[in-house]
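For reference, the structure discussed in these notes is given below.
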Amino acid sequence: MWLITVLISVAIAKQTLAPYLKNLKRPLNIAHRGASGYIPEHTLQAYDVAAYMSADYIEPDLNPTKDFHLVINHDNLLNETSNVELLPQFAYLHTTKVVQTYSGNVTETGWFVEDFTLEQIKQLKAKQRLSFRPATFNYLLDKITIDEALQWAVNQNEERKKNKKPLVGAYIELKNPAYYNSKGFPVQQMLLDTLKKFGVDDLKGASERCPIILQCFELETLQFFSNVTDLPLVYLIDSGAGLPYNMTEYASIVHGVGPNLGFLFNGKFDSTGFVALAHQNDLFVHPWTIRDDVLPKGFTVKEYYLKLLYENVDGIFTEFPDSATAYFNL
């Protein structure tokens with residue numbers, strides 16, 4: 001029985017890839033947290049701008065609230081992305097925690113999503129994370145849930161289908177699921193329940209309503225998803241964490257890998273062969289993240305996008321999706 005279960009799990013994980021994963025003419029344009037180079041990240045407005053700039057995907061990061069709603073925020077700290085520190089009613093929630101992450105335990109101080117109810121989250125307003133970017137929209141835009149993001153995408157796609165335009169997808173990341181599981185939040189099942197509510201919990205529904213890719217830094221969570229859904233799965237890996245990688249192992253569970261750019265190039269920006277190795281193992285490659293305003297020394301924006309294009313990546317996370325649209329369609 002155990003062997004049968006394993007074989008079924010592998011079969012589900014490695015079914016034919018979703019047609020929406022491939023663009024034969026260019027890499028996929030994945031808007032990292034939306035058009036976050038221009039608009040405060042993870043807001044509906046950042047997603048709107050990304051869609052206008054022809055992004056193929058917006059990228060929600062999910063963290064649970066105290067009352068079991070999945071809120072979109074880069075991680076569980078609210079300090080850098082909201083006005084929480086300006087609101088005296090939440091001063092009592094300021095604390096220090098040890099957070100379990102894929103690269104080890106991290107001690108952090110501030111306000112944490114999991115200590116807030118959804119009603120409290122809705123009292124916050126978003127702000128630009130990076131101080132050198134435009135602050136025009138700071139404290140004007142709402143923090144949102146995955147339900148709101150998916151409803152936005154489904155509505156967008158209804159209009160796109162009428163106009164025979166490609167659908168916009170959601171490239172969803174669960175943040176630190178092992179940590180949240182240890183605190184009593186079944187975030188994997190919470191996400192599956194939400195996807196089911198919108199009819200996008202499998203390949204058929206996602207292809208018709210909103211393309212979905214699930215990504216995570218924790219392989220165990222992706223193994224769980226491989227047993228219960230045929231949606232595309234991506235394992236995120238970070239060269240800065242000092243962790244080795246094993247393409248053969250990944251290929252038995254997921255469809256693609258999401259490395260940070262440090263895996264792709266050496267110190268002289270010559271290719272490491274990472275992409276070619278992944279392709280040999282039937283894994284697509286979606287590296288992260290291009291920031292037009294924080295480029296490697298010696299590169300123009302155009303040169304860096306073309307460097308990735310010639311590396312034969314299958315998609316790229318960018319905070320400036322208009323640049324990917326421009327330089328991947330030359």
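The values are calculated or read from the model by the stated rules, or taken from the named source; none is laboratory data. None of these values were measured; they are calculated from a predicted model. Quick reminder, even Gly has a Cβ in these numbers, built from the backbone with ideal geometry, and neighbours come from all protein chains shown.
A compact table of results
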item: Selection count where residues are of a type in the set (S, T, N, Q) and surrounded by fewer than 23 Cβ atoms within 10 Å (Cβ to Cβ), scope segment 18-75; result: 4
item: Within segment 196-217, considering residues that are assigned to a helix (DSSP H, G or I) and small (G, A, S), the one surrounded by the most Cβ atoms within 10 Å (Cβ to Cβ); result: A206
item: Among the candidates I39, I72, residue that is under 26 Å from F116 (Cβ atoms), at pLDDT 95 or above, of a type in the set (V, I, T) and in contact with a His (Cβ under 6 Å, 6 or more places away or on another chain); result: I72
item: Residue count, segment 280-304 (criterion: assigned to a helix (DSSP H, G or I) and either out of contact with any strand residue (DSSP E or B) (no Cβ under 7 Å at 6 or more places or on another chain) or at positive phi (or both)); result: 4
item: Leading residue by the ranking (farthest from the chain's Cα centre (by Cα)) among those in segment 86-102 that are among the polar types (S, T, N, Q) and modelled with pLDDT of 95 or more; result: Q89
item: Qualifying residue in segment 263-272 (condition: among the β-branched types (V, I, T) and not in a loop (DSSP other than H, G, I, E, B)); result: no
item: Residue within segment 124-142 that is among the basic types (K, R), closer than 30 Å to D201 by Cβ and within 23 Å of the chain's Cα centre (by Cα) present; result: no
item: Scan of segment 54-71 for residues that are in a loop (DSSP other than H, G, I, E, B) and of a type in the set (S, T, Y), ordered by number; result: S54, T65
